[in-house]
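Below is one structure; the comments refer to it alone.
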Amino acid sequence: MNDPTADALLTREQLRLKLNEHGYPLTASYFNKISLPSVNAGPPVAKWWGKRPLYRLDEALAWAESRCGSSLGRPVTPTPARVG
């Protein structure tokens, strides 16, 4: 069965809780910090409701996965394909 919130717009806190459910351990303070416009390291904003950012879960899951690393402190970088 499809998740009814997959296409829904979520507030930052709703999104953080959904990401926690999917296994990404984000605390409220850290998530708010990286989502600040001055830091601009959070998930992509889908729309704005006044000054409040709204997010899509599928885009945020892709963002969270892109931040995962294979070893401590190092993001995963694609290795070039070998030809030959």
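Read the figures in this text as sums done on the coordinates, not as results from a lab. In this text, all values refer to a predicted model and were calculated from it rather than measured experimentally. Note that we place each Cβ from the backbone using ideal geometry, even for glycine, and neighbour counts take in every protein chain shown.
Some points to look at:
- Residue count, segment 18-56 (criterion: out of contact with any helix residue (DSSP H, G or I) (no Cβ under 9 Å at 6 or more places or on another chain), hydrophobic (A, V, I, L, M, F, W, C) and surrounded by fewer than 13 Cβ atoms within 10 Å (Cβ to Cβ)): 3
- Residue that is nearest to the chain's Cα centre (by Cα) [pool: residues in segment 22-58 that are without any contact (Cβ under 8 Å) to a residue 24 or more places away in the chain, over 19 Å from G69 (Cα atoms) and assigned to a helix (DSSP H, G or I)]: S35
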